[in-house]
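As C-alpha cells, the structure follows; a few thoughts come after it.
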Amino acid sequence: MEARKLFAAARGIAGAALGVYLTLRLWTGLLVFLWERQLGTSLLVLWPVLLCPAAYLGYWCFRGLRHRRFACTVVWGCAFLALPLTVRPDMVMGWLEACLLSALSVVFSRLLGREGFLRYVDPAWYRDPRRVAARYGGGRSPNRCGPEAGAGLLVPDAFAVNEGGGGPVLYVRETVLRWEPRLAKGRTFFIGDVAGVLVGPACNVLYDARSQDIAWFRTSQKNGPLLARHLRDRGIPFYSLGEVPKQGPLPGRELPTCTLPSTPDGSERLAEPEEAEPVRHTDISRSFSRDFTLELRRTKPVGVWIAVGLLLGLAVFFVGFPFAVIRGGPYENLKLNVMLVLSCGLIAGPWVLAAAAGELFSPRLSVENGHIWLDKDFFPLREIPMEEIGGLRWDQSDECYVLCDRQNKALAKFSTRDGFGSQFLNFLTDHGITLFK
C-alpha cells in the first residue's frame, strides 16, 4: 500500500511539473514567433494566469495521490518555481523580482479550476454536507429553516424548488426527487434515500446514509418552505451545524424497534420476525414501474485520453510550428506538414479510440422485465444474462460500482448518485449479486 501511495505521489509531481513545463513552452514559442514577425508581445501578461490550471490538469491527468494538502503543495510549488527556474536571473534582485511575480501569479491563478481539482484530490471533503451547508447556496440573506418554515402551507403532489431562479432546480413529485444543477449532470433519488437535512448559514443540504450530499436548497428560494414542510411531514430529521460532529458520520433516521410488552420473566424482548415472503427492494414502492433506464459511467478514462491528446496536440502546434519556421531549411514545408498531421492525430486520436471502445458517449443500461440490456453508442443492443454476472467491485477513485462478469471483466459502471442508480443496486442485490470479497 505504501508503495502504491509513493508511486501515486510521484505521478502527481511529474504531472504537475509537466503541465507547467508544457505551458511555459507553449507561451515561449508563441512569443518568439510573434517577436520574429514583429507582432508585439502583449500576450506576455496572460501566461502566468495559466500556471496553476496547467498544474491542476497535469496532476489530474497523471492520477496523482489523493491527499489534499500534498496535492495543493505540489501544484502550487510547481507553479511558483516555474518562472524563476525558467528566467534564471544573474542578480539577487532579479531572483527576488521573479519570485515576487511568480507568487502573485500563483495567488491569482490558483482559483481557476480549483473546485474541480479539489473534487478529485479529496472527494469526501468536497462532498461533505457540512462544507456545502457552510459555503454553498448563494444569496445575501442568511438561510433560516426553523420548525416554522412552511407551517400552514398545503403541500401539492408535485412542485419545483427555485425554478426560474437562475440556479439549480429540485423537482419534487411525491416520493421522487430530481436534482438538476447548472452545467452538471442531474440525479434522481427517492425520499427514502435521504437520511437527514443539515441546516447551515448558506443552505440546507440533503444527505444520504453514507453522509454524502444529495442536493441542497434555501428556504428563501421559490417553494423552499414547501420542500422543508414536505420533508418534515415524511419524517426527515433536520440538524443544525452545531448539533452534528465536525468530523465523522452524520446522524440519520433511526428505524423504530418493535418489542413485545409481556414476556414470561416480565422483561421486554425484541419481536421475532414472522415467517413470510421476504420484501424485495424493487417491491417497496408499487406506484412506480420496475422497468427503468440509467446512464452509466465510462469504464475507460476517456476524459484523460482527450485531455492529454489535446494538450500534446496544442503543444506540438504552438511550439513546433514557430520552431520549424524559425529554423527554416530545405525541408521546411515537409516539417510543417508532419507537425500538422501529428497535431491533428494527437487531438483526434483519443476521440477515435473512445468511439471504437463504444464509450464516446455515456453508455445506457435498461432493465425490462428482469432483463438487463446494455446500449453503447454505435454498437448493437446487448443483453447481459444474469448468469454471466460475477459480482460488483467498488471503484474508490470514482466512487462508483463496477459490474463485472465471472472473469472479473468490467461490464458496466454506475453510481448510486445518478438517476435510478440506487434502484439498480437494489435490483442486483435482490438477485444475489453483491460485492466481491
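The values are calculated or read from the model by the stated rules, or taken from the named source; none is laboratory data. Predicted model only: the values in this text are computed from it and were never measured. All Cβ positions, even for glycine, are placed from backbone atoms using ideal geometry, and neighbour counts span all protein chains on display. The protein model used for the area step is the full one, side chains on, heavy atoms only, and it has no ligands, DNA or RNA in it. Shrake-Rupley method; radii C 1.70, N 1.55, O 1.52, S 1.80 Å.
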*Of the numbered conditions (1) surrounded by fewer than 19 Cβ atoms within 10 Å (Cβ to Cβ); (2) assigned to a loop (DSSP other than H, G, I, E, B); (3) in contact (Cβ under 8 Å) with a residue 60 or more places away in the chain, G235 satisfies every one except a single condition; which is it?*
(3)
_Among the residues of region 156-205, what is the count of those that are at pLDDT 80 or above, among the hydrophobic types (A, V, I, L, M, F, W, C) and touching a helix residue (DSSP H, G or I) at 6+ places or on another chain (Cβ under 8 Å)?_
15
*How many of the residues making up region 170-214 are in a strand (DSSP E or B) and open to solvent by 20 Å² or more (accessible area, probe 1.4 Å)?*
10
*Selection from region 85-110 of residues that are open to solvent by 70 Å² or more (accessible area, probe 1.4 Å) and free of Cβ contacts under 8 Å to residues at least 24 places away in the same chain*: L85, V87, R88, D90, M91, V92, M93, W95, L96, E97, L100, V107
*Take V279 and decide whether it is open to solvent by 50 Å² or more (accessible area, probe 1.4 Å), β-branched (V, I, T) and modelled with pLDDT under 75.*
yes
_Elements of type strands (runs of 3 or more DSSP E) in region 312-431, at least 1 residues being in contact (Cβ under 8 Å) with a residue 40 or more places away in the chain and over 26 Å from the mean Cα position of the chain (by Cα)_ = 364-368, 389-395
